[in-house]
Every structure is written in C-alpha cells, then in structure tokens.
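S.K.: Quick one: structure below, then a few questions.
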Amino acid sequence: MHSNAEHHDAGLQGSGVERIEAQLRAGAFSPHRHDTYTIAVTTTGVQSFNYLGQRWQSLPGQAVILHPDEVHDGYCSDHTGFSYRAAYLPPAHVQTVIGGAALPFLAAGVSTDADLVAATLGLIAMCTAEVDLFGYQDALHQFVSALQRCEGGPPPVRRNANREAVMRVREFLDSVPAPGTNLDQLEELAGYDRWQLSRDFRALLGTSPYRYLQCRRLERARQLLGNGLGLAAAAHEAGFADQSHFGRVFRRTFGTTPLAWHRSGQPRTIIL
C-alpha cells in the first residue's frame, strides 16, 4: 500500500470480526483479497476501487460489499481523499444464518439499497470492543437477510455441500496446524474425497482450504507482531517458509506490508 491512511478506531467482535474506521488521504491500496466479506460504508469523499473487472465509486452513505477471496484495491479519486467504516465478516458467521447454502453473492460492488446500507451500518456498529453477542447475532441476521434479497450475479455453486465435514476441517485449520498440512490429511479428517471437499469448502466458506489456512497463519503472525515479536520470528512461528514468503502473502492478502501494518496501529481480537 502506498498511502497516507489514518486508522482512528479498531476492534473485533464475534470471534474474529475486525472493524476499522479509516481515512485515505493519498495513494492507493495495492490489489489484494481477504477470506472474509468486506463490508463498508463510505462516510466522506469518494471511495474508488476495482473489483470483478469493473471500476466502482462509493459516495457517502453507500455500502461496499465485497465477496470473500475476490481481488480488489482502493484509491483516492481526488486530493480530498475519503473515509470509511468497515468490518471483515467471516463466511462461517454467515453460515450460521443460512445453514449450509452457498454464500450470498452480490454482483455489484456498491449498493444504494436503503435496507442493505442500514443493515451494513448496524452490523459494523456491533463489531466493537464492547461484547454483545445477542446484539451481534441480531445485526448479523438482518445483514444476511438484506444481502440475500439484493443478491445477483452467477447462480450458487452448490447447495448440498457437506456442511458438517467442512466445519470439522475449518476447526482443524483454525488451530493453525504445523507446516506440511495437505489435502491428504484433510480428506482423512473429512471422511470423503479431497476434491469434493475442496469444492464444498469453497461453496460454504468462499475460499479454498489452502487459502483459509494461509489467512489463519497471517492472523497468528499479526498477533505475534502485536506482542512484540520481530518479523522473521513471527513468520517462522506462524508457519511460513521465511520472512520473504510471509511478506508476499501478507501483501497479497491485506494490500500492505507487515511493517506498514504494524506501524499503523494493529487491531485487537476479541473471542466470544
């Protein structure tokens, strides 16, 4: 990322929902992708970005909803920059509402739908340092319902995925297993074909098992950096081959370098 971004607030809610409030005054976020939904509302200025082969602009009061694992960037349209509130919503949370269906896919990167904008603002507001699980669950349900109503684009990949097996594999990957984890192990854990498992995992959680594990390793590394560990040591402890590999994966996922992220004031995680 080449930018002058200021992070004013950061917190997490609901076992891994990262919330940020930020301002980008100049420059751009490099192309990157998350294994979560990115949900945001522009508060001032014009938020510009490329997503799904199109260029989008979000004005104040409009919602930005980006599907998991889709590449996007972000840049200023003029010298005034823009500010926004955002949260990174794990697909596993969406699955608690839809119960095994394929993840909702919104073809447009920007929405002016009043219900979806209100639901997005409500969910972001619940992702604060003050834990309110009941309130979060209610806001989550309203958001997912609004998202399903606005859904468009290609048909769902699969609606009869093996949810129980996928969630069992997800829990294993959440433990950040040692380097060397592969589809053979996941197939044995799931109890059925590895390639079908990969398809089911992507349908239910929006990304591949490999990408999901990479993001869990990145989370572990960010925690270690926040605790004062050096870059090389954090990369090693999180299971990356070396610091260079860690830096490349980090930038592809977050659009910035580990050092720049660390200096910007990293968020904390609240586990419910």
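S.K.: Can you figure out the FRET efficiency of Glu164 with Ala107, using R₀ = 35 Å and their beta-carbon distance, to the nearest 0.05?
M.R.: 0.70
S.K.: Find how much the distance from Gln243 to Arg263 grows on full extension, using 0.36 nm per residue of separation minus their present alpha carbon separation; answer in nm with one decimal. Please list the in-between numbers first.
M.R.: Details: separation 20, 0.36 × 20 = 7.20 nm, distance 1.73 nm.
Gain on extension, Gln243 to Arg263, equals 5.5 nm.
S.K.: Still on this structure, please answer the following. Can you sort Arg163, Arg19 so the residue with the fewest Cβ neighbours within 10 Å comes first?
M.R.: Fewest-to-most Cβ neighbours within 10 Å comes out as Arg163, Arg19.
S.K.: Treat the count of other C-beta atoms within 10 Å as a stand-in for reagent exposure and order His93, His245 from fewest to most.
M.R.: If I rank by nearby Cβ atoms, fewest first, I get His245, His93.
S.K.: What number comes out for the charge environment of Arg220, summing +1 per Lys or Arg and -1 per Asp or Glu over other residues with Cβ under 12 Å away? Can you show the working numbers first?
M.R.: Working: positive: Arg216, Arg217, Arg222; negative: Asp174, Glu219, Glu237.
Overall, the nearby charge balance is 0.
S.K.: With each label point set 7 Å from Cα along the Cα-Cβ vector, what nm distance links His141 and Val46?
M.R.: With each label point 7 Å from Cα toward Cβ, the separation is 4.0 nm.
S.K.: I would also like to ask the following. Bin width 5 Å, alpha-carbon pairs only: give the P(r) of the chain as whole percents, running from 0 to the bin holding the largest distance.
M.R.: With 5 Å bins starting at 0, P(r) equals 1, 6, 12, 17, 19, 18, 14, 9, 3, 1, 0, 0.
Computed from the coordinates by the stated procedures, all read-outs in this text should not be read as laboratory data. From a predicted model like this one, the values you see are computed outputs, not experimental measurements. Ideal geometry is used to build each Cβ from the backbone, glycine not excepted, and the neighbour counts take in all protein chains shown.
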